[in-house]
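A.B. asks: Shown below is the structure under consideration.
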Amino acid sequence: VIESYDELQGGFIWDWVDQGILTKNESGEYFWAYGGDLGGENFQNDMNFCNNGLVNPDRSIHPSLREVKKVYQNIKFKFKDLLSNEVVISNKYDFENLNKFYFEWEVLKNGNKISEGKINNFDLSPDKSKIIKLDLPKMDYENEYFLNIYAKKKEQEALIPSNHIVAYEQFFIHGKKAIQNMKLDKSIIKIYRNKTTVNLKGQNFNIIFDKKNGMITEIDYGNGNIILQGIKPNFWRAPTDNDYGFYMPDTLKKWKKASTDQILEKFKFKNFKKEGVDVISKYFLPSIKGYVEVRYRINTNGKIDISSTLTNISSKLPMLPKFGTNFIINENYNNVKWYGRGPHENYQDRKTSSLLGIYELNVSDMYYPYIRPQENGNRTDTRWLTMTDSEGEGIIIET
């Protein structure tokens with residue numbers, strides 16, 4: 001929108017740097033102090049409002065700085081179509097020729113690189129555009145393909161090192177999200193039940209439900225129980241700074257209560273023999289006077305398909321902060337690999353800097369320590385996620 005109108009300017013960043021003061025707490029731990037932390041909590045102060053920059057007080061970066069860089073880039077890319085395999089490169093600098101940069105491109109198939117290329121010599125004056133033709137590989141429709149293109153600095157200049165990525169873009173170019181189809185085990189799931197549990201035992205797995213709360217208490221694929229806390233419907237997330245501006249914790253508190261106060265109304269299961277077992281847990285949510293139903297389909301391989309459905313929900317309820325399920329797995333599964341946007345955190349309204357690809361991190365590296373604790377670590381458009389231990393054993397979650 002800004003680039004479409006000569007008269008329109010923006011967006012303007014409020015602060016560059018967080019203005020916190022390095023301080024020790026009573027336990028000797030360092031933290032960045034803000035308004036009210038240094039003995040003035042009873043006097044007028046702006047709390048953490050001085051900490052809304054793009055870098056921390058020590059100039060280490062916030063994830064949002066990566067988004068600013070992406071939005072502000074002065075080299076633009078546009079993919080025309082697969083018939084021509086052409087990309088339009090536009091120079092939005094006022095004085096810089098693009099001959100100071102070289103361009104690299106790659107094609108990803110389901111997140112894996114299958115083709116790449118490089119353009120070393122490129123000349124383009126300010127406010128001009130040029131079409132380049134790429135030698136793209138053959139593609140089928142049963143997998144999804146993305147084109148990534150990068151503009152990199154040829155030589156070091158001032159604070160910018162050589163080979164630094166100055167601009168980049170990603171385009172979906174063909175296919176569809178691949179679906180992993182597994183052949184079902186021909187054996188039938190055996191069901192054992194008593195007063196408190198329902199035990200579903202397959203050839204290579206054991207899954208136990210608690211009849212009192214309708215939740216899974218054990219998922220064992222041969223290496224012990226991987227789950228510490230069962231799958232539970234969730235409608236809440238940690239508030240951000242801006243959420244407090246419209247009193248979100250109070251305005252939407254019914255949904256927070258709905259995430260914790262859930263009364264089991266119905267628990268039943270049905271054996272479909274060769275297709276697996278269906279388990280349904282339906283809960284009444286007193287805070288919103290509605291219901292949520294969680295349906296589990298366990299196939300003969302031990303794969304669990306989960307769907308959650310809200311019913312009897314009043315249109316007068318406040319907006320829903322989040323809708324999903326929460327569960328906790330064994331802390332030994334601390335290696336994370338996913339196919340989605342990354343590697344840094346991203347959200348529905350802050351994800352253009354995060355390209356779809358396959359990334360790996362430790363669980364602790366998924367977290368970002370904002371000076372004031374809040375929602376963090378999200379990854380959008382995730383196709384699949386694995387969490388494994390040091391031996392490579394673990395689980396895969398697919399959407």
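The values are calculated or read from the model by the stated rules, or taken from the named source; none is laboratory data. Keep in mind that what you see is a predicted model, and the values were worked out from it rather than measured. Neighbour counts are summed over all protein chains in view; Cβ atoms, including those assigned to glycine, are modelled from backbone coordinates with ideal geometry. Just so you know, the surface numbers come from the protein's heavy atoms only, side chains and all, with ligands and any DNA or RNA stripped out. Shrake-Rupley method; radii C 1.70, N 1.55, O 1.52, S 1.80 Å.
A.B. asks: What whole-number value in Å² describes the accessible area per residue of segment 1-133 for a 1.4 Å probe? Before the final figure, lay out each step's value.
C.D. replies: On the way: 8870 Å² over 133 residues.
Ligands and nucleic acids excluded, the figure is 67 Å² per residue.
A.B. asks: Calculate, for segment 142-194, the solvent-accessible area per residue in square angstrom, rolling a 1.4 angstrom probe over the heavy atoms of the protein chains.
C.D. replies: Per-residue accessible area for segment 142-194 comes out at 67 Å².
A.B. asks: At 0.36 nm per residue, and after removing the present C-alpha to C-alpha distance, how many nm does the segment from F327 to D381 gain when stretched out fully? Walk me through the intermediate numbers first.
C.D. replies: Numbers: separation 54, 0.36 × 54 = 19.44 nm, distance 1.98 nm.
Computed gain between F327 and D381 is 17.5 nm.
A.B. asks: Hey, how much of the P(r) for segment 172-276 falls beyond 23 Å, as a percent of Cα pairs? Show your work: numbers first, answer last.
C.D. replies: Working: 2915 of 5460 pairs.
For segment 172-276, the share of Cα pairs beyond 23 Å comes to 53 percent.
A.B. asks: Counting only protein heavy atoms, what percent of the accessible surface of the chain is carbon or sulfur at a 1.4 Å probe? Show your work: numbers first, answer last.
C.D. replies: Details: 11910 of 23990 Å².
That share works out to 50 percent.
A.B. asks: How large is ³J(HN,Hα) for each residue in segment 49-59, as worked out from phi by the Karplus curve 6.51 cos²θ - 1.76 cosθ + 1.60 (θ = phi - 60°), to whole Hz, x for Gly and Pro?
C.D. replies: Ordered by residue, 3J(HN,Hα) equals 5, 7, 10, 10, x, 9, 9, 6, x, 8, 6 Hz.
A.B. asks: Sticking with this structure for a sec: Give the long-range amide H neighbours of T217: residues separated by 5 or more places, or on another chain, with amide H under 5 Å away, using H modelled in the peptide plane at 1.01 Å from N.
C.D. replies: I208, F209, D210
A.B. asks: A further question on this structure: For segment 258-399, what is the relative contact order in percent, using Cα pairs closer than 8 Å and at least 6 residues apart in sequence?
C.D. replies: Numbers: 252 pairs, mean separation 22.8, N = 142.
The normalised contact order for segment 258-399 reaches 16 percent.
A.B. asks: Where both residues lie in the chain, what percent of DSSP beta bridges are antiparallel, nearest 5?
C.D. replies: Values: 103 of 104 bridges.
The antiparallel proportion sits near 100 percent.
A.B. asks: Percent relative contact order of segment 1-158, based on C-alpha pairs within less than 8 angstrom and at least six residues apart?
C.D. replies: Result for segment 1-158 is 17 percent.
A.B. asks: Sticking with this one: Counting other C-beta atoms within 10 Å, and keeping those with at most 11, which DSSP coil GluC sites (Glu not before Pro) do you find in segment 252-357? List each step's numbers first, then the result.
C.D. replies: Details: sites: E265, E275, E293, E331, E345; in loops: E331, E345.
Here the GluC sites (Glu not before Pro) that fit, given the DSSP loop and packing criteria, are E331.
A.B. asks: Summing -39500 (n - 2.57) over the DSSP H runs of n ≥ 4 in the chain and dividing by its residue number, what mean residue ellipticity at 222 nm do you reach, to the nearest 500 deg cm²/dmol?
C.D. replies: Per the formula, -1500 deg cm²/dmol.
A.B. asks: Heavy-atom accessible area per residue, segment 213-317, 1.4 Å probe: how many Å²? Mind dumping the intermediate values first?
C.D. replies: Working: 5480 Å² over 105 residues.
Per residue, segment 213-317 has 52 Å² of solvent-accessible surface.
A.B. asks: Can I get the semi-axes of the chain's equivalent ellipsoid? Compute them from the C-alpha gyration tensor as square roots of 5 times the eigenvalues, in angstrom, largest first. Don't skip to the answer; put the middle values down first.
C.D. replies: On the way: eigenvalues 375, 208, 80 Å².
Working through the eigenvalues yields semi-axes of 43, 32, 20 Å.
A.B. asks: Check L355: other-chain or 5+ apart residues with amide H under 5 Å from its amide H, H built from backbone geometry?
C.D. replies: Those lying under 5 Å, H to H, from L355 are G342.
A.B. asks: Using just the Cα positions, wrap segment 149-233 in a convex hull and report its mean projected area in square nanometres, one decimal place. List each step's numbers first, then the result.
C.D. replies: On the way: hull surface 48.0 nm².
Result: 12.0 nm².
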